[in-house]
Amino acid sequence: MASNGESNMDSGTEAFVVVAEFEVKADCVRDFLALARDDARHSLADEPGCRQFDIVQLDETPARVMFYEVYDDRAAFDTHLQTPHLDRFRAGFPALIVTERPVRFGRRESA
């Protein structure tokens, strides 16, 4: 456990990282982002193990959207997989995308 009230994330412990990428239909970007923001907001507000959830649009290709998610550990991510906000995202996004790249997992070391 971290000292001085710091979380594990602030004390140099590694975190579980999830990267998801989507190519969104050009006329569906706004709807996709609204759905993604709902998932991100609830992940951060309702899941103690979710530390970061960024939605990234690349400048040169705004229809390509990437999620960069950071969790305390794999168990925290597994909890995320059971949430109603992720269920809403899963139900809504397939009609809005052209392709979805395979989700990638990694670890982040904090300095």
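Bear in mind these aren't lab numbers, they're just calculated from the coordinates by the rules spelled out. Keep in mind the model is a prediction, meaning the values are calculated, not measured. A quick note on method: Cβ atoms are made from the backbone with ideal geometry, for glycine too, and the neighbour counts reach across all protein chains shown.
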Taking Lys and Arg as +1 and Asp and Glu as -1, residues besides Arg30 with C-beta under 14 Å from its C-beta add up to -1
For a quick check: sort Val24, Val17, Val56 by the number of other beta carbons within 10 angstrom, fewest at the front.
Val56, Val17, Val24
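Mean residue ellipticity at 222 nm from the helices of the chain, using -39,500 (n - 2.57) per DSSP H segment of n ≥ 4 over the full residue count, to the nearest 500 deg cm²/dmol?
Taken over the chain, the calculation gives -9500 deg cm²/dmol.
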For the range 68-111, which GluC sites (Glu not before Pro) pass both filters: DSSP loop (anything but H, G, I, E, B) and at most 14 other C-beta atoms within 10 Å?
Glu109
Net charge near Phe16, counting Lys/Arg +1 and Asp/Glu -1 over other residues with Cβ under 13 Å of its Cβ?
-2
Determine the principal axes of the Cα atoms in the chain, then give the extent along each, sorted from largest to smallest and rounded to whole angstroms.
49, 30, 21
Please give the helix 29-46 orientation as an angle from the longest Cα principal axis of the chain, in degrees from 0 to 90, rounded to the nearest 10.
20
Within-13-Å neighbourhood charge of Gln57 [Cβ basis; K, R +1; D, E -1]
-2
